[in-house]
């Protein structure tokens, strides 16, 4: 079994993550998907998913912050005094979030206006803090990057799916292009509103659990 | 004791590094943000006054058009932007800035009136942090375009505008509210009426 994992992880070549890379990747993006399984960070997931474009940018933001903060928390894990580790984590996370926010404000002004306060609110996103605390503090940097990527990706994909369906059903458009003709399809305003986000997320969680089957119970 | 000192030093250094990074980013992005803001302001005023602008005009061109067609004037604490097309004597339209608190943050915008100073030529919100998809819809075309052609006075001549949920939007000073954004709409209504009050006072 260990052999298998080693060879499965070969693309990275040097065994930088001790052969645990693929498993970490699968864990973050699928088995323990932050949104669909752990149901973390749903506040932002519900708030910005009324358009696919917003969802994609938000997903990108979370991947960036998660990878960056995981890397630095992991690099500093042996030097961080235990008592102030959480404050240190928040400081690192906040730095990355503001970096991304400033970048959006400078180069993607319109998008920044669309997302409003939600980019800044990534600081309080449970996923980022959770990964730093539960994973990056105990694991080496490269593996932590993989974990950050996996979780960010798991979040981003679900966000994109919700965003796609909400925009499609709520406005009849995808990325601003009309998909469902106004002649025979009347956009359902409910999907744009907050309850629509809850329905969409609920359906996705149900599908996710159904696809995954009872495996979760076995793992525990 | 030694432990405490280490902890303090660690916190201090981490804080300093983070602060330095953020300051550097803020400094680096400052000119871009500034340019975005001023180009957006100018293009907002041009759009609201319906000044013809080439589709591919960049920020420098926008500012140039602004300078040759629009005249700024300060009356007390009210800024007035009047559009006098080149080679035409009279003022074609006038724009006024307005602002006020929104649900999440300040809302700022422009209200443009035709030369009769009663009929609304257009409205735009250039700064708002309302909930995307709900209050944020004040930035959308359907909401803003309803204002065009409406009047800032009602049938009996009283100044003010109503953002209403009732089905009857026939009134010359009534526009449709946004579903799910009552708070934002109320606040927008308030700030518009404040602005209209000032404009009407300044006319006398």
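The values are calculated or read from the model by the stated rules, or taken from the named source; none is laboratory data. Since the structure is predicted, the reported quantities are computational estimates derived from the model, not experimental observations. As a convention, Cβ positions derive from the backbone with ideal geometry for all residues, glycine included, and neighbour counts pool all protein chains shown.
Summary of values
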quantity	calculated
Qualifying residues in the range B:1-53 (those that are outside any helix (DSSP H, G or I) and touching a helix residue (DSSP H, G or I) at 6+ places or on another chain (Cβ under 7 Å)) - the one nearest to the other protein chains (Cβ to nearest Cβ)	B:53
Conditions (1) crowded, with 20+ Cβ neighbours inside 10 Å; (2) touching a helix residue (DSSP H, G or I) at 6+ places or on another chain (Cβ under 7 Å); (3) not in a loop (DSSP other than H, G, I, E, B); number of the one not met by residue B:63	(1)
Breaking point among (1) in a strand (DSSP E or B); (2) surrounded by fewer than 21 Cβ atoms within 10 Å (Cβ to Cβ), for residue B:175	(2)
Total residues in the range A:173-203, condition within 14 Å of chain B (Cβ to nearest Cβ) and surrounded by 13 or more Cβ atoms within 10 Å (Cβ to Cβ)	12
Identity of the residue in the range B:115-143, in a loop (DSSP other than H, G, I, E, B) and away from chain A (no Cβ under 14 Å), that ends up surrounded by the most Cβ atoms within 10 Å (Cβ to Cβ)	B:118
Among the candidates B:197, B:202, residue that is surrounded by fewer than 16 Cβ atoms within 10 Å (Cβ to Cβ), at pLDDT below 80 and within 23 Å of residue B:116 (Cβ to Cβ)	B:202
Residue A:49 at the interface with chain B (Cβ under 10 Å from one of its Cβ atoms), under 15 Å from residue A:112 (Cα atoms) and crowded, with 21+ Cβ neighbours inside 10 Å	yes
Residue match in the range B:144-162 (condition: in a helix (DSSP H, G or I) and closer than 29 Å to residue A:190 by Cβ)	yes
Meets criteria (closer than 20 Å to residue A:107 by Cβ and over 19 Å from the mean Cα position of the chain (by Cα)) for residue B:29	yes
Wholly enclosed helices (runs of 4 or more DSSP H) of the range A:78-143 bearing at least 1 residues within 9 Å of chain B (Cβ to nearest Cβ) and over 16 Å from residue A:60 (Cα atoms)	A:85-107, A:109-115
Residues (touching a residue at least 40 places away in the same chain (Cβ under 8 Å) and surrounded by fewer than 22 Cβ atoms within 10 Å (Cβ to Cβ)) located in the range A:81-99	A:85, A:86
Boolean, residue A:62 is touching a helix residue (DSSP H, G or I) at 6+ places or on another chain (Cβ under 7 Å), surrounded by 24 or more Cβ atoms within 10 Å (Cβ to Cβ) and more than 7 Å from chain B (Cβ to nearest Cβ)	yes
